[in-house]
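This report refers to the structure that appears directly beneath it.
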């Protein structure tokens, strides 16, 4: 099943499948792990610094949902499975995590951000309650309460490219408040 068939029916395909289907990340690209929350940074910073291989994984478009080969053990993982395993090894904490916001293509953005850009470029469902192509999707909502994903649907492909390559997506340390509202 193609990504576009599923997403145009309103169900969003996960970021990894979206990225693989479009070939957005070349095989062999080395990704960087960035702890997302303050507790993760506290628990993992020293552990990651002890062995630089721990914060690196290689991307593969042939690996289906297990697209990351971790440099520390050469095993294959999903982004979330690897992020969870790393946290467990570093601190003993085992909890569900969204790995796609923790793994970054250097200079380009997180897997989540790259998948969102693909969806926007292709006019696919971005997970908003209304189609991203609807210019009035946020019309009744004050600007400060508008979803960045809904608002992003109003941008041109050139604007999307500028945003994804801009400083927001290349940030060194994500905010501490969890996923943006």
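The values are calculated or read from the model by the stated rules, or taken from the named source; none is laboratory data. Note that this is a predicted model, so its numbers are computed, not measured. Glycine also receives a Cβ, built like all others from the backbone with ideal geometry; neighbour counts cover every protein chain displayed.
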Requiring at least 1 residues that are modelled with pLDDT under 50, the helices (runs of 4 or more DSSP H) wholly within the range 64-181 are 148-152, 157-164
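Tell me yes or no: at least one residue of the range 22-40 is closer than 22 Å to residue 118 by Cβ, in contact (Cβ under 8 Å) with a residue 24 or more places away in the chain, part of a helix (DSSP H, G or I) and touching a helix residue (DSSP H, G or I) at 6+ places or on another chain (Cβ under 7 Å).
Yes, that holds for at least one residue.
Give the range 81-96 a look and list any residue that's buried (at least 21 other Cβ atoms within 10 Å of the Cβ) and under 15 Å from the mean Cα position of the chain (by Cα), or say none. Step through it out loud before you land on a result.
The first filter runs over the range 81-96 and keeps only residues buried (at least 21 other Cβ atoms within 10 Å of the Cβ), leaving 82-83, 86-87.
Result: 82, 83.
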For residue 49, all conditions in the list (1) exposed (fewer than 15 other Cβ atoms within 10 Å of the Cβ); (2) modelled with pLDDT under 95; (3) over 15 Å from residue 20 (Cβ atoms) hold save one; what is the number of the exception? (2)
